[in-house]
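The structure under discussion appears below in the form of structure tokens.
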Amino acid sequence: MSDWNLEPYRFTDGKPAQPEAAPAAAPELDPFEGETRAPEETFRADLPAKKAKKAKPPKPPKPPKPPRRRGGGGGGSGGGPRRRRRWAWVLPAIGALVVVLALAGLGGAIYIRQVYLQDIPPLPAREQLYAINRAPAIRFFDKNGVQIAMRGPKYGDRLSLNQLPDYVPKAFLAAEDKRFYHHGPIDPLGIVRAAFANYRAGHVVQGGSTLSQQLAKGLFLTPDQTLKRKLQEAVMAMRLEKMLSKDEVLELYINRTFFGASTYGIDGASRTYFGKPASQLTLAEAALLASLPKAPSRMALNHNMVGALARQRLVLENMRQEGWITAEEMETAVADTPRLSPTALGNDGDMGYALDYATTEVLKLVGPNSPDLMVRLTIDPRLQLAGGQVLRQVVGTTGAAAGASQGALVAMSSDGAIRTMVGGLDYSQSVFNRAVQARRQPGSSFKPFVYAAALEKGVMPTDVRVDGPVKFGDWAPENYGGGYRGAVTVETALMLSINTVAVKLAQEAGGPAIGELAKRFGLTTIPSNPNLSIALGAYEVPLIEMVSGFQVFQLGGNRVTPYMVDEIKTVGGAPVYQHLTASPVPAYDVARASMMVKMMKKVISGGTGTRANFGRPAAGKTGTSQNWRDAWFIGFTPDYVAGVWVGNDDEKPMNKVTGGIVSAEIWRRFMMVAHENLPARDFDWLLPDPVPEMEADPRNAFYEELSGDFAATARDAQAALPDAPVETKTPDKPADDIPF
């Protein structure tokens, strides 16, 4: 029957008639699922009946539209085709997004690899991990072949985890990575936790690195806090855990980590600090050692036991919280304060400064992964001891009254061999080497280099310059103590350390000439074109370079490179390195060097450095920096060149101390010891003073003849007066003897 010919509703008994059941509609096809479902009902049969109304004949339904074939699917109620059109873009968009993300990830990976991971070190073979980047242990001998010290890392024995008490590895886990066995080489939870803690504190209070990352950093990478290093650290940690099991990673960490005091590995630390193998460590000692890798130098037990004990308690508390020890065991360990071995408190005394310097030089020569070594140094133990004693005696007495608290001394023989290096008054209190690491203003002790440059421009020691007021822009340098001397020779100006003449000579020579000469003399901190303040030593230099620069004068203009390491062998006797005496490098003209030495000899014999005079031919120069912060004396004989610096580490001004007082006194006392049993001798290469070249004046003959006529007339007049007294004239006092 056609839908257009449906019968109207019929009512009986005054009640609305129930409509006849509509014929069942065809099943609808879900366009997304591909399954059939029944059409939705238009009402529910259990709803309450409404008040009857006059029935109207129903409108005939519209004929259904034929379903669109585009995209597939059936028709029916629910709007399937329209829904398909609405969501048709989703799948292509998701696909495009996936492609974009994949390309971005690939590009980012390529960028990270090229920028951050290109120079990542390769992972060595398993059997090489315990030796990789292991610095050698070094036995040092003095110039006479007598052993004076052992330096370098102390490793002890390599131990497996089962050779240690159970609480030893657990102490390190409690200190560094409690969840070590529950995460991979990187711990995302730990990173988030550390980031949150740092955010709350406003500064870094926690790190998110795992124990594997710390091991990778210690074995292969630098300690730089950069993104590049952190990425490389993560990659190396993943490689380590791919090669090793968790137990093996922990074992390698315990055997290679740094514990301060040049000690590596748990057994080396146990023997160094407690004088016993690690297998005999107590719980208290194990927790104390586990507190060190976080800050090994700052927490080293022979320097900061209080700080290490505070961290030890945190380690024990973490162990208790993890259930690795009981509360009673923790209380017992806290009460059992470890005692250090007497050897842990020892130090190398004054020799420590020289040994630190020598260790650095040895590692430059032998490179990484070297075997244990025997090294002969150029150090003279007698002079090293004398240098330290004299420095402490003078600074502790005269220096203390003058407001000086520190000093340094370097001495070399004429071949550049360093015989003495004392970098401070007390190595046990401060290992900072002021002879090498400190840069201070040399003051007037730099003037010889300015005068040397002026001589290269044609200036002669006998030339005259006026000591008077000078001004360059807003800078008006003055002499020490004020006042001016008028016309003086260049030689006198250096002898008395006249500032105004030094500045005038610097201007005549020019900044580039002074900078170039300083470079030839081995001074690395002077710029190529310094300003005029260079004349008064305003640029900072290390003591060792000043001493080496003065040696050029000692050697008649030749330069040798200072050295301390003479010979290196393996402990088995195999040769590794031998210092070869190279030919000196010409750095300055010998004739001008002769003039400079003669002028500098007068500094000691009658100038500002008379306190340095010890009865032998010697040359040198005093130096005082601005505001009295530094006092220097550097000088030499034919046998030794030595330099002394005195001042304060915080650059606090002294009580108007000049280099001719404390520093010159230290130099004199040390040189007296250095020259014991040596014959007194002068510099045998000095040349005669040059004779000034003068052109004859063509008028000289006329004036000589006129002078003769005047002399004859005077004699005739004298003869006519026989009873007149003859007047004699006392010669003037030599200019050098006139007191200023």
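The numbers here are math on the coordinates, done by the rules we state, and not lab data. Please read all numbers here as calculations on a predicted model, not as lab measurements. No Cβ is skipped: glycine too gets one built from the backbone with ideal geometry, and neighbour counts run over all protein chains shown.
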(message) Give me a comma-separated list of calculated 3J(HN,Hα) values for the stretch 146-155, in order, Karplus coefficients 6.51, -1.76, 1.60 applied at θ = phi - 60°, integers in Hz, x for any Gly or Pro.
(response) 9, 5, 10, 5, 10, 10, x, x, 10, 9
(request) Along Cα→Cβ, 7 Å out, is where each label goes; now give me the distance between the ones at ASN369 and SER341 in nm to one decimal. (result) 3.0 nm
(request) Taking amide H positions as placed in the peptide plane 1.01 Å from N, state which residues far from ARG559 in sequence (5 or more) or on other chains have amide H under 5 Å from it. (result) VAL585, ALA587
(message) Can you compute the modelled spin-label distance between LEU678 and GLU361, with each label point 7 Å from Cα toward Cβ, in nm?
(response) 1.8 nm
(message) 7 Å from Cα along Cα→Cβ at both ALA195 and LYS246: what's the point-to-point distance in nm?
(response) 2.5 nm
(request) Any of LYS601/LYS656; LYS178/LYS294; LYS601/LYS621; LYS447/LYS598 with alpha carbons more than 19 Å apart? Name them for me. (result) LYS601/LYS656
(request) Take the stretch 521-640, drop everything but the C-alpha atoms, weight them equally and run the Debye formula without solvent; then report log10 I(q)/I(0) at 0.16 Å⁻¹ to two decimals. (result) -0.90
(request) Could you run the Karplus curve 6.51 cos²θ - 1.76 cosθ + 1.60 with θ = phi - 60° over the stretch 644-660 and give me ³J(HN,Hα) per residue in whole Hz, x for Gly and Pro? (result) 10, 10, 9, x, 10, 4, 8, 6, 5, x, 8, 7, 6, 8, 9, x, x
